Amino acid sequence: MEQLKDFTTIEQMEADTAKLKEMACAACAETWEDRKVNQTPQCKFGEEGICCKICSMGPCRITPKASRGICGADAHAIAGRNYLRMAAAGSAAHSDHGREIAHVLHKTSPDGSYHIRDEGKLLRLAAEWGVATEGRDIYDVAHEVAEVGLMEYGKPFGTLRFLSRATDERKQLWEELEIAPRAIDREVATSMHMTHMGNTADADALVRQSLRVGMADGWGGSMMGTEFTDILFGTPTVRATESNLGVLEKEMVNIIVHGHDPAFSEMVVVAAETKEMIDYARSKGAKGINIAGLCCTANEVTMRHGVRMAGNFLQQENALLTGAVEMICVDVQCIFPALGPLAECFHTKFVTTSPVARIPGSIYVKFETETAMAQATEIVRMAIDNYENRDQSKIFIPESKQGAVVGYPCEQIIKELDGVTNSHVDERGSYMPAIDAIKSGVLRGAVAMVGCNNPKVRPDYSHIEIMKELLRNDILIVATGCSAQAAAKAGLLSKEAKFLCGAGLRRVCELVGIPPVLHMGACVDISRMMLLVTDIAKDWGVKVTDLPIVGCAPEWMSEKAVAIANYVVATGIDTYLGIEPQVKGSSQMMELITEGTRKLTGAGYVINKDPHELVTAIIAGVEAKRAALGI
Ligand code: BF8
Ligand code: SF4
């Protein structure tokens with residue numbers, strides 16, 4: 001008899017947090033919940049995007065009696081410039097992460113810390129970029145591919161190479177709109193230039209540049225980050241893992257890797273698996289070493305090693321509050337500076353590794369590619385040495401955890417589909433089985449669930465509620481980032497989640513042998529989603545904008561999310577947001593990001609703070625696309 005699995009509910013997750021909060025009070029520690037109270041009410045001008053401090057004549061704020069800043073900039077110019085700066089910062093962050101990975105690829109060698117794991121992918125990319133491979137050493141090819149990739153950041157002429165992967169319709173449109181991104185750094189610099197005092201004050205032009213700088217990320221830096229990470233550490237394949245704080249082990253040395261760039265965490269994982277380190281941990285009275293991940297670093301290492309996920313963004317403090325973490329080792333992005341003072345309330349060692357993310361209260365170990373493995377081993381040793389400093393009275397590890405199946409990049413999705421129908425038509429394979437399922441109505445469509453969680457709303461609630469409703473309505477989900485981890489915590493990445501699905505989606509899951517929410521990776525891997533949608537459109541023979549496929553970021557918070565939302569919309573995919581972009585003080589900006597871009601790219605934002613209303617809008621949007629296709 002089939003049984004409904006015991007899925008962790010949001011209430012159970014909140015009960016765990018409440019108990020951990022008690023531990024925090026006992027340890028005199030402060031968490032984001034306390035700081036949120038201190039920050040309430042939040043600044044209205046900031047919230048509406050109508051505070052400007054880009055020159056020292058300001059700050060200027062738009063009010064009923066002051067409709068312009070001192071220079072004459074109005075609400076539309078101010079909100080538009082702030083918005084573009086967010087997109088530019090987000091693009092810069094993702095793309096700089098991609099650049100770091102390119103440098104690691106450039107340093108690979110047979111006897112170094114970093115090797116080529118996916119030769120096939122490297123050779124395919126070399127062919128795509130016209131890099132000679134015949135009779136050459138694979139490492140020579142890798143170094144040249146890395147150099148060509150690095151040139152994408154600063155080349156003086158032309159547009160980005162990866163744009164050639166898009167549909168002809170998109171390529172032509174981007175050229176016509178003059179939003180095809182040139183060199184990645186150039187789009188970031190141009191955005192900063194445009195928003196300097198005394199430059200663009202026209203909201204429409206600012207939104208167009210937001211699309212362009214966003215695409216420099218999605219079809220540039222992020223895509224490169226994804227491709228090069230696959231080449232270095234292997235293209236992910238399906239793996240079983242677990243998620244939530246219950247993955248921390250009472251009798252093992254717990255090391256958490258947190259951030260985004262997997263170059264160093266990969267080494268930490270490898271070092272922790274060596275006999276030398278395991279023996280050392282045992283000699284200190286631990287049963288072994290337990291590596292767990294947070295945020296997108298977790299997504300990266302879970303897809304390639306099955307490393308378990310301790311949780312997503314707003315769970316980073318909770319992890320330390322368990323009192324059972326010997327070390328939290330971070331790289332870049334989404335790291336609370338609060339971890340410094342918080343770690344001091346416990347025995348936890350807080351290690352920062354990147355000059356890009358220096359944080360007071362941490363031990364700084366500057367990660368170098370040449371010495372990565374030796375440094376990782378030292379760090380693991382430091383964590384083991386810290387095991388004996390645990391204060392047993394401060395330990396509480398919640399039991400909640402769920403099984404998850406992860407690792408569905410495009411290659412894996414194709415492989416699963418091929419397994420069902422043998423539809424392999426060319427080197428890439430075909431999405432026709434999925435397309436047929438959508439055409440017949442067995443699947444109504446697909447939604448890409450992405451993005452952070454955010455204290456502005458009940459954390460994870462919107463992600464989970466929206467996903468469950470989509471599954472009930474036979475809508476397949478692909479997920480990345482903290483959204484994928486919210487799904488994992490709620491059991492939605494398990495194959496048993498098919499019991500939450502409508503009859504059609506459940507049948508597909510059973511036939512193909514997949515969970516109904518497919519984990520595609522970290523936030524840089526939203527670039528995988530762009531290629532997935534592009535290739536589905538090509539196989540189907542329709543435009544991207546015609547597909548019953550949309551994106552949703554119900555709890556987004558970061559500037560990276562603004563960059564992402566812009567490239568998703570530029571790619572022709574409607575994007576449903578549960579948090580309002582900070583432009584409400586400008587009627588023009590609100591119109592431009594919802595309806596204005598629709599006239600340009602065929603897609604725009606739909607914004608609704610109520611998750612139930614938002615999912616109703618998503619389903620209506622998917623059904624409207626179906627109706628327009630006549631299916
Ligand atoms: O890059 S979803 S909170 S962890 S920004 Fe950060 Fe947001 Fe999480 Fe990954 Ni993406
Ligand atoms: Fe004020 Fe204009 Fe300076 Fe902004 S750029 S701070 S609106 S004077």
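Under a Cβ-only charge scheme (Lys and Arg +1, Asp and Glu -1), can you give me the dipole magnitude of the stretch 245-394 about the Cα centre, in debye to the nearest 20?
On the way: 13 positive and 18 negative charges, 59 e Å.
Its charge dipole is roughly 280 debye.
Excluding residues fewer than 8 places away in the same chain, name every one of the aspartates and glutamates whose C-alpha is closer than 18 Å to that of Lys560.
Those aspartates and glutamates meeting the cut-off are Glu47, Asp96, Glu100, Asp185, Glu187, Asp217, Asp261, Glu300, Asp331, Asp525, Asp574, Glu580.
Scale the Cα Rg of the stretch 350-423 by the rule-of-thumb value 2.2 N^0.38 Å and send over the ratio, two decimals.
Taking N as the residue count of the stretch 350-423, the ratio is 1.83.
Based on alpha-carbon centroids, what's the gap between the stretch 54-127 and the stretch 197-220 in Å, whole number please?
11
Two decimals is fine: what is log10 I(q)/I(0) at q = 0.05, 0.09, 0.12, 0.13 Å⁻¹ for the chain, from a Debye sum with one equal scatterer on every Cα and no solvent?
Computed log10 I(q)/I(0) values: -0.21, -0.71, -1.31, -1.53.
Run through the stretch 89-170 and list the GluC sites (Glu not before Pro) located in a DSSP loop whose Cβ has at most 14 other Cβ atoms within 10 Å.
Passing sites in the stretch 89-170 are Glu134.
Rounded to the nearest 5, what % of the DSSP beta bridges within the chain are antiparallel ones?
Taking every DSSP beta bridge with both residues in the chain, the antiparallel ones total about 20 percent.
With a bin width of 5 angstrom, please list the P(r) values of the stretch 525-627 as percents of all Cα-Cα pairs, from the 0 bin to the one holding the largest distance.
P(r) for the stretch 525-627, in whole percents per bin: 2, 13, 23, 26, 21, 10, 4, 1, 0.
Starting at the first residue of the stretch 80-88, write each ³J(HN,Hα) from the Karplus equation 6.51 cos²θ - 1.76 cosθ + 1.60 with θ = phi - 60°, in whole Hz, x for Gly and Pro.
Result, ordered by residue: x, 5, 4, 5, 4, 5, 5, 4, 5 Hz.
Loop only per DSSP, at most 11 neighbouring Cβ atoms within 10 Å: give me the GluC sites (Glu not before Pro) in the stretch 346-412, ordered by residue number.
Glu399
Measuring from the lowest to the highest alpha carbon on each principal axis, how far does the stretch 409-629 reach, largest first, in angstroms?
54, 36, 30
Given charges of +1 on the Cβ of Lys and Arg and -1 on the Cβ of Asp and Glu, with all other atoms neutral, how large is the dipole of the chain about its Cα centre, in debye to the nearest 20?
Around 1140 debye, computed over the chain.
Normalising by the residue count of the stretch 41-127, find the relative contact order in percent from Cα pairs under 8 Å and 6+ residues apart.
The normalised contact order for the stretch 41-127 reaches 16 percent.
How do His463, His305 line up, fewest other C-beta atoms within 10 Å first? Each step should come with its number before you reach the end.
Values: His463 33, His305 21.
Taking fewest neighbouring Cβ atoms as first place, the list is His305, His463.
With the cut-off at 27 Å, tell me which of the pairs Lys287/Lys394; Lys36/Lys489; Lys36/Lys609; Lys36/Lys65; Lys468/Lys609 have Cα atoms farther apart than that.
Lys36/Lys65
Per 5 Å bin, what is the whole-percent P(r) computed from every C-alpha pair distance within the stretch 245-394?
2, 11, 22, 25, 23, 13, 3, 0, 0
With the calculation restricted to Cα positions, what are the radius of gyration and Dmax of the stretch 79-154 in angstrom?
Answer for the stretch 79-154, Rg first and Dmax second: 15.7, 55 Å.
So which lysines can Lys599 reach, going by Cα to Cα under 22 Å and dropping same-chain residues fewer than 8 places off?
Lys171, Lys543, Lys584, Lys625
Got a sec? How would Cys52, Cys509 order by Cβ neighbour count within 10 Å, fewest to most?
Values: Cys52 25, Cys509 21.
Ordered from fewest to most neighbouring Cβ atoms within 10 Å, Cys52, Cys509 come out as Cys509, Cys52.
Work from the charge dipole of the chain (Cβ charges, +1 for Lys and Arg, -1 for Asp and Glu, about the Cα centre) and give the residue of Val253, Gly135, Ser462 farthest towards its positive end.
The listed residue farthest towards the positive side: Ser462.
By a straight-distance test (C-alpha under 20 Å), which lysines pair with Lys121 as possible cross-link partners, with residues fewer than eight away in the same chain excluded?
Within the straight-line limit of under 20 Å, Lys121 reaches these lysines: Lys107, Lys415.
How high is the relative contact order of the stretch 68-233, given as a whole-number percent (alpha carbon pairs under 8 Å, six or more residues apart)?
Details: 224 pairs, mean separation 68.8, N = 166.
Once normalised by length, the contact order is 41 percent.
Using Cα pairs under 8 angstrom and six or more residues apart, how large is the relative contact order of the stretch 409-629, in percent?
On the way: 389 pairs, mean separation 47.4, N = 221.
Once normalised by length, the contact order is 21 percent.
Read-outs throughout are calculated quantities, based only on the coordinates presented, and are distinct from any laboratory measurement. Model, not experiment: these values are computed from the prediction. FYI the Cβ positions are ideal-geometry reconstructions off the backbone, even for glycines, and counts take in every protein chain you see.
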